[in-house]
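FYI, it's all coordinate maths here, none of it is from the lab. On a predicted model such as this, the values are computed, not experimentally measured, just so you know. Cβ placement follows ideal geometry from the backbone for every residue including glycine, while neighbour counts extend to all protein chains displayed.
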């Protein structure tokens, strides 16, 4: 009985260590992304994207990945301004207009 409890404790410790390592890796990747976008953006654009991060984490991730890929393909010249960020944000969040048509018989 004691052996089974000890084995369960070891398994749970292994799972806990693995989860902790994964969390640390995610935080490290997030920190690296922050450093990259801070270099690519002026201060007002960086502040804006950090506000987006707080409000909508999925949109933030999508924007950061897009900005990094644009920078890697040399499609960003100089530092990204807040106005340019807003244009990118508008394109990312743009939804097609829905039309409602009424047909009379």
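Each Cα pair under 8 Å and six or more residues apart adds its separation to the average, and for region 27-89 the resulting relative contact order is 45 percent. Packing around the peptides 93-105, 69-81, taken as the average count of other Cβ atoms within 10 Å per residue, puts them in this order, highest first: 69-81, 93-105. Relative contact order of the chain, taken over Cα pairs closer than 8 Å and 6 or more residues apart, is 27 percent. For the pair residue 97 and residue 82 in one chain, pulling the backbone fully straight at 0.36 nm per residue adds 2.8 nm over the alpha carbon distance.
Gain on full extension, evaluated as 0.36 nm per residue between residue 7 and residue 66 minus their Cα-Cα distance, stands at 16.7 nm.
In this rough spin-label picture, where each label sits 7 Å from Cα along the Cβ direction, the residue 34-residue 104 distance is 6.1 nm. Across region 60-82, the residues whose backbone nitrogen lies under 12 Å from the label position 7 Å along the beta-carbon direction of residue 44 are 81-82.
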